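Participant: My questions all concern the structure below.
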Amino acid sequence: MTESRQDAQRHAPIAEAMRAYSTDGALAFHTPGHKQGLGAHALLQSLVTDEGLREEVSLMEELDDLHEPTMCIAEAERLAAELYGADRAYLMVNGTTGAIHAMLFGTLAPGDTVLVPRNAHRSVIGGIVLAGAKPVWMAPEVDEHFGIPMGVAPETVRQAVREHPEAKAALLVYPTYYGVATDLAAIARILHDVGMLLLVDEAHGPHLRFFDESSGQPKQALDCDADAVAQSTHKLLGAMTQGSLLLTQGARIDDERIRAAASLLQTTSPNQLLMASIDIARMQMATEGRARWAEALRLADKLRAAIDEMPGLHCLGAADCQTPGASGLDRTKVTVDVTGLGLTGPEAEAWLRHNDTCKIQCELSDARNVLFLVTYADTEETIGKLITALRALVKERQGRNTAAAGVQALDDSSAAAGLPPLPPVPETAADPRTAFFASKERVTFEKAAGRTAAEQVMFYPPGIPILAPGDRVTEDAIRYIRAMQAVGRKIVGPEDASLQTLLVLRESGTEEKGRQDLKGKLIIIEAGDGSGKATQTKALYDHLVRDGRTVHRVEFPDYASDSSALVRMYLSGKFGGHADDVNAYAASTFFAVDRYASYRTKWKAWYEAGDIILADRYTTSNMVHQAVKIEDKDEREEFLAWLWDLEFGKLGLPIPDAVVFLDMDPAVANQLIAARAKETGAKEDIHEKDKAYLAKCHAAYLDLAKKYSWKTVKCSEGGQPREIEEIHAEVYAAVAGMLETQA
Ligand SMILES: Cc1ncc(COP(=O)(O)O)c(C=O)c1O
């Protein structure tokens, strides 16, 4: 850099232009509406400061235009490009998500193939949807000890290039969240030799430029010959959250297209403070970056050494990162395995955060580890406090049985416990853009094999999707997912977190029974006994009819139907005087058969005509009444999955479109049951007689309402029932909203 450019790096041109505008004294008859703070609320004023608000203007001639920069923004971008050794830099005001979108949208065209790691950040999938590209997945390596994904090995890239010579580009994550750096220079050579682009998600590496070569830190992606790089200036440097940079170099990139893509995807009113903050972060790094990051690295190494001496704790170190998917480690990312203390990552995170003596917040925790970020902002004091806190945690755990339940579960779920290995990445049946826009439906998970997934399913660790939108679902994937669930691993991704159903693309001519070809809507009002279910169902029925809709009210059990004989006998106590006398599976089968008979004989035709079918109770209440008989949580989950499969899989009954749950305090419900009995002489049924059972049912209802995303309406307050009309208004609003969104 010439001396004059070095001088230029000491300037922050955007902030300087803002100050010049605000001190020029022009009376504002322009946006923003607060008019340089004059109308700002005191709270906003204290958040942003008077000076900040005075300068929070945009679109003024003197402040340049992000979309066609020629003045201060152009200069800020030039300075950023110079600092990073790029040919071009683009200020990004929608974070690295926006930078990745622009990078993919600006380099790929619809139908282009792009090679991507299976565990790419969701913004990468978003960019692929926008560009209409086809992903070819590359599997990252996994560190078995720490249970974390490493980088993608050069050999994996070479193989993908061989199998997909049509690919235009590969997008790599470098370094990973945990600081692991794959051999990017080798990957660049593999790609460039066949004319493919190397695009890099360097969200976690905007600081790598500022380490000396002797530090042993990984080189920044541009120095490994990347063509385009998206960086989160806000994650590790001094920009405000959302401020990122997109950097490009070389002749393989069409910069006009990148600018056009960034322009199409970004606001026409970028926040000036945000842009200034990216520029100021650049200036700060240009002037102090090397010294500050050398100090950060010294502190990080000191922290690592201290942790590695603590019994039960162990840091992911540079020596762990000399494997096929890793050729280096950013040591300022300190990943600590806490399982030696008998803790899972989240347990250690919670202790550190909420302990009165320390209050430390880590960046993230996963099943085994907690991750601490050391940045240029840290000092001897902050690192000393972290060391003290970790020592306190170790001391607190010493002397305890270190085989804690959560950790035991993790170890039980290892390959040694007989789990199937991670299944192969499934075939891609639809590209993400097609999957995004396609019509979708829910199918029983066990029956999803061969269908095209519309949602992601994964487990942490290792955070690599087993299914991704567009994948052809395989039996292997289903088996693996069920095996992981069986050892208590929590699923991340699908809307139905228990994965009784999976969202898949609708396919014409599919044989899956259930809802898909039916135009009607099934609405269920669900509640415990005595909660006003019948009253609310009637009120809703009347309201929908008044709205001019064709509605059929159905009741379960349907006493007029012969099929109900078993249900009737069960409820009247013919099989025994207590609900528990008939086991959950048998009782549920009676109810399911009852519903099936009614469906076939009566209301299938209504469905096909596109009518509304309104029922108080359905499968769901049956689930509750029967599920509470099963004390063991895992067995209960197994029963629920069995019942779901029986009704919606085997019998092909329609899955409800909406379930509204009336949440009535059981004590209030009991009073109402008693009052009703007194008034009408009605006998209590087998469930109503048992008050403890009803209280248990209410708790189970709340659980299921959460699990199946029922719309919940509170029906009592302070030990009193709410007004019937008030409850009705909320029930009606929930249903009308659903009918509108699904119309
Ligand atoms: C690897 C990776 N890429 C991209 C992003 C998106 O960055 P941003 O939050 O700035 O949009 C993140 C965010 O966590 C990330 O971890």
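Participant: If you go through region 609-622 one residue at a time, do you hit one that is over 22 Å from Lys696 (Cβ atoms), charged (D, E, K, R) and in contact (Cβ under 8 Å) with a residue 60 or more places away in the chain?
Facilitator: Taking region 609-622 as the starting set, the residues that turn out to be over 22 Å from Lys696 (Cβ atoms) are 609-615.
Checking the rest, the ones that are also charged (D, E, K, R) come to 611.
Those left that are additionally in contact (Cβ under 8 Å) with a residue 60 or more places away in the chain: 611.
The answer is yes; a qualifying residue exists.
Participant: Every residue in region 504-523 that is modelled with pLDDT under 90 and under 26 Å from Val567 (Cα atoms), please. Before you say what the answer is, go through the steps one by one.
Facilitator: Filtering region 504-523 for residues modelled with pLDDT under 90 gives 506-522.
Within region 504-523, Lys513, Gly514, Arg515, Lys521, Leu522 qualify.
Participant: Sticking with this structure for a sec: Return yes or no: is Pro218 over 24 Å from the mean Cα position of the chain (by Cα), under 30 Å from Val370 (Cα atoms) and not β-branched (Val, Ile, Thr)? Let's see the steps before the verdict.
Facilitator: Details: over 24 Å from the mean Cα position of the chain (by Cα): yes; under 30 Å from Val370 (Cα atoms): yes; not β-branched (Val, Ile, Thr): yes.
Here the answer is yes, as Pro218 does meet what is asked.
Participant: Moving to a separate point now. Looking only at residues in region 310-329 that are aliphatic (A, V, I, L, M) and part of a loop (DSSP other than H, G, I, E, B), which one is surrounded by the most Cβ atoms within 10 Å (Cβ to Cβ)?
Facilitator: Narrowing region 310-329 to residues aliphatic (A, V, I, L, M): 310, 313, 316, 318-319, 326, 329.
Those left that are additionally part of a loop (DSSP other than H, G, I, E, B): 310, 313, 316.
Values: Met310: 18, Leu313: 23, Leu316: 26.
Step by step, filter region 310-329, then rank; the result is Leu316.
Participant: Output the helices (runs of 4 or more DSSP H) that fall wholly within region 589-647 and possess 2 or more residues being touching a strand residue (DSSP E or B) at 6+ places or on another chain (Cβ under 8 Å), or say none.
Facilitator: On the way: elements: 604-609, 619-627, 633-644.
Correct list: 604-609, 619-627.
Participant: For region 163-272, list the helices (runs of 4 or more DSSP H) that sit wholly inside it and hold at least 2 residues that are within 16 Å of the ligand (Cβ to nearest atom); which are they?
Facilitator: Details: elements: 184-193, 233-236, 255-265.
Ranges flagged: 233-236, 255-265.
Participant: Can you tell me which of (1) in a helix (DSSP H, G or I); (2) closer than 21 Å to Thr537 by Cβ; (3) modelled with pLDDT under 80; (4) out of contact with any strand residue (DSSP E or B) (no Cβ under 9 Å at 6 or more places or on another chain) is the one Tyr693 doesn't meet?
Facilitator: In the conditions (1) in a helix (DSSP H, G or I); (2) closer than 21 Å to Thr537 by Cβ; (3) modelled with pLDDT under 80; (4) out of contact with any strand residue (DSSP E or B) (no Cβ under 9 Å at 6 or more places or on another chain), Tyr693 misses (2) alone.
Participant: Test each condition in (1) more than 15 Å from the ligand (Cβ to nearest atom); (2) in contact with an Asp or Glu (Cβ under 8 Å, 6 or more places away or on another chain); (3) more than 25 Å from Pro465 (Cβ to Cβ) for Ala86 and report the one that comes out false.
Facilitator: Among (1) more than 15 Å from the ligand (Cβ to nearest atom); (2) in contact with an Asp or Glu (Cβ under 8 Å, 6 or more places away or on another chain); (3) more than 25 Å from Pro465 (Cβ to Cβ), Ala86 violates only (2).
Participant: Would you check which residues across region 156-175 are over 18 Å from Pro324 (Cα atoms) and in contact with a Gly (Cβ under 7 Å, 6 or more places away or on another chain) and list them?
Facilitator: none
Participant: If I go through region 567-588 residue by residue, how many of them are part of a helix (DSSP H, G or I) and under 16 Å from Arg636 (Cα atoms)? Steps first, please.
Facilitator: Filtering region 567-588 for residues part of a helix (DSSP H, G or I) gives 567-571, 579-581, 584-588.
Next, only the ones that are under 16 Å from Arg636 (Cα atoms) stay: 580, 584-588.
Qualifying residue count for the region: 6.
Participant: Turning to a different aspect of this structure: Can you pull out every residue in region 90-131 that is assigned to a helix (DSSP H, G or I), more than 14 Å from the ligand (Cβ to nearest atom) and crowded, with 23+ Cβ neighbours inside 10 Å? Can you show your working first?
Facilitator: Of all residues in region 90-131, those assigned to a helix (DSSP H, G or I) come to 95-105, 122-131.
Among the residues that remain, those that are also more than 14 Å from the ligand (Cβ to nearest atom) are: 105, 129-131.
Residues satisfying the conditions are Phe105, Ala131.
Participant: Select from region 244-288 the residues that are charged (D, E, K, R) and within 28 Å of Ala131 (Cα to Cα) and write down the one among them that is surrounded by the most Cβ atoms within 10 Å (Cβ to Cβ). Talk me through it step by step, then tell me what you get.
Facilitator: Step one: list which residues in region 244-288 are charged (D, E, K, R), which gives 252, 254-257, 259, 279, 282, 288.
Checking which are within 28 Å of Ala131 (Cα to Cα) leaves us with 252, 254-257, 259.
Working: Arg252: 16, Asp254: 13, Asp255: 15, Glu256: 9, Arg257: 15, Arg259: 19.
Here the answer is Arg259.
Participant: Additional query: Just checking, how many residues over region 591-611 are buried (at least 23 other Cβ atoms within 10 Å of the Cβ) and either over 20 Å from His552 (Cα atoms) or modelled with pLDDT of 85 or more (or both)?
Facilitator: 1
Participant: Can you go through Thr344, Thr375, Thr332 and tell me which one is surrounded by fewer than 22 Cβ atoms within 10 Å (Cβ to Cβ) and in contact with a helix residue (DSSP H, G or I) (Cβ under 8 Å, 6 or more places away or on another chain)?
Facilitator: On the way: Thr344 fails: surrounded by fewer than 22 Cβ atoms within 10 Å (Cβ to Cβ); Thr332 fails: surrounded by fewer than 22 Cβ atoms within 10 Å (Cβ to Cβ).
Matching residue, one of Thr344, Thr375, Thr332: Thr375.
Participant: Inspect all residues belonging to region 80-87 and state whether any of them is surrounded by 15 or more Cβ atoms within 10 Å (Cβ to Cβ), assigned to a strand (DSSP E or B) and at negative phi.
Facilitator: The answer is no; no qualifying residue exists.
Participant: Output the number of the condition that Thr70 fails; it satisfies all remaining conditions of (1) within 16 Å of the ligand (Cβ to nearest atom); (2) assigned to a loop (DSSP other than H, G, I, E, B); (3) farther than 20 Å from Leu172 by Cα.
Facilitator: (1)
Participant: Within the group Phe445, Phe459, which residue is under 21 Å from the mean Cα position of the chain (by Cα), at pLDDT below 90 and surrounded by 14 or more Cβ atoms within 10 Å (Cβ to Cβ)? Even if it seems obvious, please write down each step before you answer.
Facilitator: Values: Phe445 fails: at pLDDT below 90.
Residue meeting the stated conditions: Phe459.
Participant: A follow-up question, please. Taking Trp293 as meeting all but one of (1) under 30 Å from Arg391 (Cβ atoms); (2) within 16 Å of the ligand (Cβ to nearest atom), write down the number of the exception.
Facilitator: Going through the list (1) under 30 Å from Arg391 (Cβ atoms); (2) within 16 Å of the ligand (Cβ to nearest atom), Trp293 breaks only (2).
Participant: Pairs only if they're at least six apart or on different chains, beta carbon under 6 angstrom, first in region 13-25 and more than 15 Å from Ala76 (Cβ to Cβ), second surrounded by fewer than 19 Cβ atoms within 10 Å (Cβ to Cβ) and hydrophobic (A, V, I, L, M, F, W, C); list them, first residue then second.
Facilitator: Pairs found: Tyr21/Met60.
Participant: Taking the condition of being under 19 Å from Arg78 (Cβ atoms) and either out of contact with any helix residue (DSSP H, G or I) (no Cβ under 6 Å at 6 or more places or on another chain) or not in a helix (DSSP H, G or I) (or both), how many residues in region 286-304 meet it?
Facilitator: Count: 1.
Participant: Does Asp581 fit the bill of being closer than 21 Å to Gln536 by Cβ and either at pLDDT below 80 or out of contact with any helix residue (DSSP H, G or I) (no Cβ under 6 Å at 6 or more places or on another chain) (or both)? Show your work before the answer.
Facilitator: Working: closer than 21 Å to Gln536 by Cβ: no; either at pLDDT below 80 or out of contact with any helix residue (DSSP H, G or I) (no Cβ under 6 Å at 6 or more places or on another chain) (or both): yes.
When the stated conditions are applied, Asp581 does not pass them.
Participant: Within region 564-579, track down each residue that is within 18 Å of Asp690 (Cβ to Cβ) and of a type in the set (D, E, K, R).
Facilitator: Residue satisfying the conditions is Lys574 alone.
Participant: Follow-up question, since we're still on this one. Would you call Ile307 in contact with a helix residue (DSSP H, G or I) (Cβ under 9 Å, 6 or more places away or on another chain), within 30 Å of Arg78 (Cβ to Cβ) and not in a strand (DSSP E or B)? Walk me through how you get there before you give the answer.
Facilitator: Numbers: in contact with a helix residue (DSSP H, G or I) (Cβ under 9 Å, 6 or more places away or on another chain): yes; within 30 Å of Arg78 (Cβ to Cβ): no; not in a strand (DSSP E or B): yes.
So Ile307 does not fit the description; no.
Participant: Can you pull out every residue in region 323-353 that is out of contact with any Cys (no Cβ under 7 Å at 6 or more places or on another chain) and charged (D, E, K, R)?
Facilitator: Correct list: Asp330, Arg331, Lys333, Asp337, Glu347, Arg353.
Participant: Take Glu631 and tell me if it is over 24 Å from Ser588 (Cα atoms) and either exposed (fewer than 13 other Cβ atoms within 10 Å of the Cβ) or modelled with pLDDT of 85 or more (or both).
Facilitator: Numbers: over 24 Å from Ser588 (Cα atoms): no; either exposed (fewer than 13 other Cβ atoms within 10 Å of the Cβ) or modelled with pLDDT of 85 or more (or both): yes.
Here the answer is no, as Glu631 does not meet what is asked.
Participant: Another question about this same structure. Tell me whether region 133-141 contains one or more residues that are over 25 Å from Pro423 (Cβ atoms), hydrophobic (A, V, I, L, M, F, W, C) and either more than 13 Å from the ligand (Cβ to nearest atom) or in contact with a strand residue (DSSP E or B) (Cβ under 7 Å, 6 or more places away or on another chain) (or both).
Facilitator: To start, the set of residues in region 133-141 that are over 25 Å from Pro423 (Cβ atoms) comprises none.
No, that holds for no residue.
The values are calculated or read from the model by the stated rules, or taken from the named source; none is laboratory data. These numbers come from a predicted model, not from an experiment. Note that each Cβ is placed from the backbone with ideal geometry, even for glycine, and that neighbours are counted across all protein chains shown.
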